[in-house]
Amino acid sequence: MTSLDQLRPGQKACVQGIAGDDALVQRLLEMGIFEGEEVEVIGFAPFGDPMEIRLGDYRLSLRRHEAARVSVRNLP
Amino acid sequence: MSNPTVALVGNPNTGKTTLFNALAGMNQRVGNYPGVTVEIKKGRVHHRHHAYELLDLPGTYSLAARSPDEMLVVELLLGECAGERRPDVVLAIVDASNLDRNLYLVTQVLELGIPVVVALNMVDVAAGQGITVDHEGLSRRLGVPVTPIQANRGKGLEALKQTVATAIGAGPPGRGASFPEIFDRELAALDSHLDRKVPPFLVRRLLVDVGGYTEKLVHDRLGDSWTAELTAARRRLVEAGCGVPEMEVRSRYRWIREATRECVRRPEQRPLTWTDRIDRVLTHPVWGILVFLLLMFIVFESIFVWAKPLMQLISFGKDQMSELVKSFMSPGPLRSLLTDGIIAGVGGVLVFLPQIMILFAFIAVLEDCGYMARAAYLMDRVMASCGLNGKSFIPLLSSVACAVPGIMATRVIENRRDRLATILVAPLMSCSARLPVYALLIGAFLSPEQGYAIWVPGVTLFGLYLLGLIVATLVALLLKRTLLRGETPVFLMEMPLYKRPSLYTVWQRMAESGHMFIIRAGTLILASMILVWALLYFPSAVPGGGNFDELTSKLDDQLDEVRKEIPELKESLNRVEQEKAEVERDAKPGSKEQVRAASLGEAIAVMQKRLAEHEASVEPLEEQLKQKQREWKAQSWLGKAGKTIEPLVQPLGWDWRVGMAALASFPAREVFVGTMGIIYSQGKGEADDENFTGALGKTLQVEKRDDGGKAFTIPVVLSIMVFFALCCQCASTLAVIKRETNSWFWPAFTFVYMTVLAYLGALVVYQAASWIA
C-alpha cells in the first residue's frame with residue numbers, strides 16, 4: 001500500500017480508499033476516484049507538482065498533496 | 001404568462017456553451033445576482049411558433065454546493081432564487097466519450113423533481129475512440145429522453161428542441177440512483193426534524209455535504225437547532241458502514257455502471273488518441289514549458305504591440321472629434337465639457353477595446369481548444385508558491401500590459417478566493433500606463449545625459465517592474481492568510497480532449513467582453529473623467545474680471561493665426577525677392593526696370609519687418625498662454641485640493657504641484673504627465689508626445705520650489721515613481737473590479753490598500769534616499 005503521489009509515470013494502481021470527509025475528498029470521489037477504481041500516472045508538471053493521472057476515459061490533474069490523500073495498491 | 005424556462009446544465013468541457021450559442025444564437029443577455037461572482041446567460045429559443053427561455057448555468061461536476069456561486073445553481077434549479085421562475089425542463093448535456101462521470105451530475109438532476117432531457121454530445125468524438133452509445137437503451141435505463149447531437153456542427157438540434165418542447169409539462173422523472181435503506185431513514189428523520197421547511201433535495205445535500213454550503217444556507221434560514229441531530233445522523237451512518245460523502249458517490253456510480261453496462265460498447269484496448277500524442281509534448285517538463293513560454297510571448301506581444309496601432313487610431317479619432325467641436329463652438333464650459341470631458345472620456349474608454357478584445361480572442365482559443373488546462377498545469381507550482389493557482393498566470397501576465405483586460409481574464413479561475421486574490425493583486429503588475437510617468441522622470445533625471453552610466457535607466461525601469469511583482473506576491477500571500485483565508489482550494493482539474501476551436505465561440509467571447517466592458521465599466525470610467533475635468537475647469541473666472549477659458553482660447557487662436565501667417569509671409573517674401581532678382585538682372589541704369597526693382601526693395605523691407613514682428617510675437621504669446629493655463633489650473637478646485645494636501649505629501653518630498661498632478665491622475669496614471677505639463681507651464685500636451693515630454697523634462701530639471709530649493713531631486717523623482725508603481729490611480733481598473741466582483745467593497749479595498757502601500761513606499765524611498773544623499 002502506498003499513496004497516489006508516490007507512483008512513477010506510467011505506473012498503474014488500484015484505489016484503496018480516501019481518508020476524510022472534507023471538500024477535497026468529496027470532489028475526488030465525485031470525479032470517480034474511489035475504492036476499486038484503476039488509475040494510471042501520466043506524468044508530473046515541471047518542479048514535480050501537480051501530477052496528471054488517467055482515470056477510465058479521461059485525465060485529471062491534481063496537486064501532490066491532494067494525491068497523497070488517496071491510498072493505492074500497485075498494479076503490475 | 002411568461003415563456004417556459006429550460007435550464008441547461010452539464011460538466012465543464014462538454015460543449016455546453018457551444019450548444020447554448022447554437023440554440024440561442026444572438027438572442028442572449030446576462031443575468032447578475034447579488035453576492036455571487038458568476039453570471040448566468042439567458043437566451044431565447046424559438047421552436048414551432050413557441051419561444052422558450054434558456055438558462056446557461058455554469059459548468060459543474062456535481063450539485064454539492066461548496067460556495068455561494070455553486071449554491072446559486074442549485075437555488076435556480078429549485079426555483080428558490082428570487083425573481084426567477086423554476087425551470088420547466090432541465091436540459092442536461094453529457095459527453096458521450098466520457099459518459100460515466102458525466103452521468104453523475106445527471107443522477108443528481110433526476111432528483112430535482114423537474115422533467116429532464118439528456119443531450120448526448122460528442123458522439124463523433126466517442127466513435128473516434130471506438131465508443132458507441134445506444135441512446136435508446138440509455139433512455140430506457142435513465143427513464144428520460146436521450147437525444148444524440150453534435151453541438152459544434154449543429155447536428156440533431158431540431159430533434160433536441162422537439163424533445164424539450166414535448167417534455168414541458170411532463171411529470172417528474174423516476175428517482176434514478178437508490179441509496180441504502182439506513183440513509184433514507186436518516187433522511188426522513190432529518191426532514192421531520194427540520195419541520196419540512198427545507199426542500200427534500202436540500203435535506204439530502206445537508207446530510208451528505210460535510211461542511212458544504214447547504215449547512216450555511218439552512219443555518220441562515222432556521223438557526224442551528226438541527227446541528228446536533230445532523231452530527232448524530234452522520235455518525236450513525238458511519239457506524240452502519242455508509243459514511244458520507246463516500247456512500248452517495250458509490251451508490252450513484254453503481255447505478256450508472258448498471259445503467260450503461262448494456263448500452264455502451266467500448267474497445268477492449270483503449271486506443272491512443274490525438275490528445276495523448278499532443279500531450280506528450282505539451283505537458284512535457286521541458287518541451288511543454290518551451291511551447292508555453294512561446295505562446296505567452298505571442299499573447300503578451302499582441303496585447304502590447306499589435307493593439308498599439310488600433311489604440312493610436314482611437315486617440316487620433318478622439319483628437320479629430322475635439323478639433324471638429326472646437327471649430328464650430330465658442331469657448332465656454334459647454335465646449336470644454338464636450339471636448340476635454342466627454343470626448344476625451346469616451347476616447348479614454350474606447351482605447352481599452354483593442355487590448356481587451358485581442359486578449360479575449362486568445363483566451364477563447366486557448367480555452368476552446370483545451371490548452372488552458374495544460375497552461376494551468378504547467379504553471380501551478382510556480383503560482384502556488386505565492387498562494388495562487390496555475391490559472392492566475394495568464395491574467396497576471398496580461399496585467400503587465402493593462403490590468404483591465406487582465407482582471408476580466410480572471411473569469412477562467414473557478415475558485416472564488418483564488419480569483420479574488422488574483423483580481424486584487426493584478427493592478428500591482430506594472431502596466432503600460434505607468435510607462436509615460438517612468439519615461440518622463442527617468443529620461444529627465446537618470447539618463448546618461450545627466451551623467452549616469454548607460455545601464456542606469458534600464459535598471460531603474462526593471463527595478464520598478466520587479467517592485468510591482470514582489471509586492472504583488474507578498475500581498476497575495478498576505479491576503480490568502482488573512483482576508484481570503486480558508487481551506488486550501490481544491491485544484492483537481494480535468495484535462496479535456498484537444499479539439500479545433502470554434503470561430504463562432506471565439507468571436508462570441510471577443511464581442512461579449514468588449515460589450516460588457518463598455519456597458520458596465522465604461523459609464524463609471526466616463527463619470528470619473530468628467531468629475532476630474534470639472535475639478536480642473538472650475539472656477540474659471542479670472543480674479544478681477546474675465547474668464548480663463550475665453551482668455552486662453554483667445555490666446556490660443558491668436559497664436560494659431562500668427563503661426564499660420566509666418567510660413568505664408570515667408571513664401572510671399574521669397575516670391576518678391578525672386579522677382580526683384582529677375583528684374584535687376586536685365587535692368588539698365590535709369591530704366592523703368594530699375595525703378596521697379598527699387599520699389600520691390602521697399603516692399604521687401606516692409607515684409608521682413610512684419611515677419612520679424614510675427615516671429616517675435618510667438619514666444620510672448622506662448623508664454624502668456626502657458627502662464628494663464630497654469631494660473632487657471634492652480635486656482636481650480638483640484639489646484640486648491642493640491643495645496644490643501646501639501647502637508648500630507650511633503651514627507652514624500654513633493655510640493656503641492658506634484659500632489660495636484662497625482663490627484664488629477666485618478667482617472668488614469670498617464671494623466672499625471674499632462675497635468676505636470678500644464679502646472680509647470682509647458683502648456684497642453686500628450687503623454688506619448690516625445691517633444692512635449694522632452695521639453696517638460698528639461699523644465700522639471702531646473703524647476704525651483706517656493707522656498708528656492710530644487711523641486712526635483714533624485715529622492716523626489718524616486719519617490720514619485722515608487723508611488724506610481726504601487727498606487728491604483730486608475731478609474732478603469734476600479735470600475736472593472738466593481739464589475740467583476742459585483743460589489744463596491746473590493747474596488748474600495750483595492751484603492752485604499754494600494755494607496756496606503758504607495759504612500760508608505762514613497763515615504764520610505766524618499767526618506768532613505770535623502771538620508772543617503
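Read-outs: derived from the displayed coordinates by stated rules, not from any lab. What you see is a predicted model, and the numbers here were worked out from it, not measured in a lab. All Cβ positions, glycine included, derive from the backbone under ideal geometry; neighbour counts span all protein chains shown.
Can you work out ³J(HN,Hα) from phi for every residue in the range B:659-671, in order, using Karplus 6.51 cos²θ - 1.76 cosθ + 1.60 and θ = phi - 60°, giving whole Hz and x for Gly and Pro?
Along the range B:659-671, the couplings run x, 5, 5, 5, 4, 5, 8, 4, x, 6, 4, 5, 4 Hz.
Sort B:Val30, B:Val349 so the one with the fewest other Cβ atoms within 10 Å of its own Cβ comes first. Working shown, then result.
Working: B:Val30 14, B:Val349 21.
So the ranking, lowest neighbour count to highest, is B:Val30, B:Val349.
With Cβ to Cβ distances under 12 Å as the rule, what net charge do the other residues near B:Ile342 carry (K, R +1; D, E -1)? Write out the running numbers ahead of the final one.
Working: positive: B:Lys318, B:Arg335; negative: B:Asp340.
Taking every Cβ under 12 Å from that of B:Ile342, the sum is +1.
Please give the net charge around B:Asp560, taking every other residue with its beta carbon less than 11 angstrom from that of B:Asp560, where Lys and Arg add +1 and Asp and Glu add -1. Intermediate results must be reported in sequence, preceding the final value.
On the way: positive: B:Lys326, B:Lys554, B:Arg563, B:Lys564; negative: B:Asp556, B:Asp557, B:Glu561, B:Glu565.
Counting the neighbours of B:Asp560, the net charge comes to 0.
Pairs of Cα atoms under 8 Å, at least six residues apart: use those to get the relative contact order of chain A, whole percent.
Relative contact order here is 45 percent.
Could you run the Karplus curve 6.51 cos²θ - 1.76 cosθ + 1.60 with θ = phi - 60° over the range B:276-285 and give me ³J(HN,Hα) per residue in whole Hz, x for Gly and Pro?
Rounded to whole hertz, the list is 4, 5, 5, 5, 4, 8, 6, 10, 5, x.
Starting from 0 in steps of 5 Å, tell me what percent of the Cα-Cα pairs of chain A lands in each bin.
3, 18, 32, 29, 14, 3, 0
What is the set of long-range amide H partners of A:Gly17 at a cut-off below 5 Å, with H atoms built 1.01 Å from backbone N?
Amide H neighbours of A:Gly17, under 5 Å, 5+ apart: A:Ser71.
Could you give me the ³J(HN,Hα) list for the range A:22-37, computed from phi with Karplus coefficients 6.51, -1.76, 1.60 and θ = phi - 60°, whole Hz, x at Gly and Pro?
7, 4, 4, 4, 4, 5, 4, 4, 4, 6, x, 9, 8, 3, x, 7
Give me the Kirkwood hydrodynamic radius of chain B, using the inverse of the mean 1/r over all pairs of distinct Cα atoms, in Å to one decimal.
Values: mean 1/r = 0.0324 Å⁻¹.
Kirkwood hydrodynamic radius for chain B: 30.9 Å.
What whole-number value in cubic angstrom gives the convex hull volume per residue for the C-alpha atoms of the protein assembly as shown? Before the final figure, lay out the partial values.
Values: hull volume 211.6 nm³, N = 849.
Normalising the Cα hull of the protein assembly as shown by residue number yields 249 Å³.
Starting from the amide H of B:Ala541, placed 1.01 Å from N in the peptide plane, find each other amide H under 5 Å away whose residue is 5 or more places distant or on another chain.
Close amide H contacts, sequence-distant or interchain: B:Phe548.
Could you list which residues have their amide H under 5 Å from that of B:Lys155, counting only those 5 or more apart in sequence or on another chain, with H placed in the peptide plane?
Result for B:Lys155 returns B:Gln150.
Counting Lys +1, Arg +1, Asp -1, Glu -1, what net charge surrounds B:Gly130 among other residues with beta carbon under 12 Å of its beta carbon? List each step's numbers first, then the result.
Numbers: positive: B:Arg265, B:Arg266, B:Arg270; negative: A:Asp57, B:Glu268.
In short, +1.
Which entries of B:Lys570/B:Lys704; B:Lys640/B:Lys704; B:Lys628/B:Lys698 show an alpha-carbon separation above 30 angstrom in the structure shown? Spell out each step's value before the answer.
Details: B:Lys570/B:Lys704 39 Å; B:Lys640/B:Lys704 20 Å; B:Lys628/B:Lys698 20 Å.
Result: B:Lys570/B:Lys704 exceed 30 Å.
Calculate, in whole percent, how much of the Cα-Cα pair population of the range B:181-241 lies beyond 13 Å. Working shown, then result.
Working: 1044 of 1830 pairs.
In whole percent, the long-distance tail amounts to 57.
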